[in-house]
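To keep things clear, I will list the structure first and then write my remarks on it.
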C-alpha cells in the first residue's frame, strides 16, 4: 500500500492537544496496541496450555480404557460363540 | 427542546505500517471510538516500547511452540479416542447380537445343569443388565463381568 493510500486515524482534538504532537500519539497508540497484544497472547497461551493438559490427561488415561474395552469385547465374543454353539446343537 | 451533543472535533493523522500490522494481528479496527481507549492503555503501560516488543516477541514464540506441542499431543489423543470409539461401537453391536441370541436360547428347553447355568449367566449379562451397556462403557464392562 502506498503512503498516499494509507488510512488516516481520527484522534479527538482535546486528546491531541493534551498529548501535544503526532509522534507522541503514534507512540502511545503503539504502546497501547502492544499492551493489548501482550494480554491477548497471554490469554491464548493459557487456553493452549489448558488444552494440552486435557489432551495429555486423555493420552494418559485412554490406553487403559482401550484395554478394558478390548477385554470386554473379547468376553462378549466368547459368549457369542458359546451361544451360537448351543443354539446350533438345538437345530 | 432536545439537547444534542456537539460532534467531537477530531484531528486526522496518518496511520503507520507498524500500527496497521499490529492492529491487524489483534483484529482491532482503529476507529474513532477505539483510539482514545488504546491511547489510554498506552499511557497506563509501565513498560517501554522496546520492553513490550520484546515480551510480545517472546510470547509469540512461546505460543508457536505450544501450538506445535498441542498438535502433537492432539494427534495422539485423537488416535486413541478413535480406537476407543471403534471398540465401543463394535462392543455395542456384539452386545445386541448376544442379547438376541440369549432370547432365542430362552425359548429352548434346557438339557442339563451346565446349560441352565450358562443361560442364567447370559440372561444376567444381556437381558437383566442390558441397560448398563449404555450408561457407561466402563461401568457396564465391570458390571457385566461381575
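The values are calculated or read from the model by the stated rules, or taken from the named source; none is laboratory data. All values derive from a computational prediction rather than experimental measurement. Neighbour counts are summed over all protein chains in view; Cβ atoms, including those assigned to glycine, are modelled from backbone coordinates with ideal geometry.
Answer yes or no: is there a residue in segment B:42-49 that is touching a helix residue (DSSP H, G or I) at 6+ places or on another chain (Cβ under 8 Å), farther than 30 Å from residue A:9 by Cα and surrounded by 17 or more Cβ atoms within 10 Å (Cβ to Cβ).
Scanning segment B:42-49 turns up no residue that is touching a helix residue (DSSP H, G or I) at 6+ places or on another chain (Cβ under 8 Å), farther than 30 Å from residue A:9 by Cα and surrounded by 17 or more Cβ atoms within 10 Å (Cβ to Cβ).
Can you pull out the residues in segment B:69-95 that are more than 7 Å from chain A (Cβ to nearest Cβ) and free of Cβ contacts under 8 Å to residues at least 12 places away in the same chain? Walk me through it before giving the result.
So in segment B:69-95, the residues more than 7 Å from chain A (Cβ to nearest Cβ) come out as B:71-72, B:75, B:78-79, B:82, B:85-86, B:89, B:92-93.
Of everything in segment B:69-95, those that are more than 7 Å from chain A (Cβ to nearest Cβ) and free of Cβ contacts under 8 Å to residues at least 12 places away in the same chain turn out to be B:71, B:72, B:75, B:78, B:79, B:82, B:85, B:86, B:89, B:93.
In segment B:41-68, what count of residues is obtained for those that are over 16 Å from the mean Cα position of the chain (by Cα) and at the interface with another protein chain (Cβ under 7 Å from one of its Cβ atoms)? It would help to see each step written out before you state the result.
Initial filter on segment B:41-68 (over 16 Å from the mean Cα position of the chain (by Cα)): B:41-66, B:68.
Now restrict to residues that are at the interface with another protein chain (Cβ under 7 Å from one of its Cβ atoms): B:41-43, B:45, B:49, B:52-53, B:55-56, B:59-60, B:62-63, B:66.
The number of residues fulfilling the criteria is 14.
Yes or no, residue by residue, for (1) within 19 Å of residue B:85 (Cβ to Cβ); (2) assigned to a loop (DSSP other than H, G, I, E, B); (3) modelled with pLDDT under 90:
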position: B:95; (1), (2), (3): yes, no, no
position: B:99; (1), (2), (3): no, no, no
position: B:121; (1), (2), (3): no, no, no
position: B:126; (1), (2), (3): no, no, no
position: B:134; (1), (2), (3): yes, no, yes
position: B:141; (1), (2), (3): yes, no, yes
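Kindly provide the set of residues from segment A:11-55 that are more than 7 Å from chain B (Cβ to nearest Cβ) and surrounded by 19 or more Cβ atoms within 10 Å (Cβ to Cβ), ordered by number.
none
Hey, among the residues in segment B:104-116 that are facing chain A (nearest Cβ under 10 Å) and assigned to a helix (DSSP H, G or I), which one's surrounded by the most Cβ atoms within 10 Å (Cβ to Cβ)?
The selected residue is B:105.
Table: residues versus (1) closer than 24 Å to residue B:15 by Cα; (2) modelled with pLDDT of 95 or more.
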site: B:39; (1), (2): yes, no
site: B:43; (1), (2): yes, no
site: B:63; (1), (2): no, yes
site: B:103; (1), (2): no, no
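Say whether the condition of being touching a helix residue (DSSP H, G or I) at 6+ places or on another chain (Cβ under 6 Å) and at pLDDT 90 or above is met by at least one residue in segment A:10-24.
No; the residues of segment A:10-24 include none that is touching a helix residue (DSSP H, G or I) at 6+ places or on another chain (Cβ under 6 Å) and at pLDDT 90 or above.
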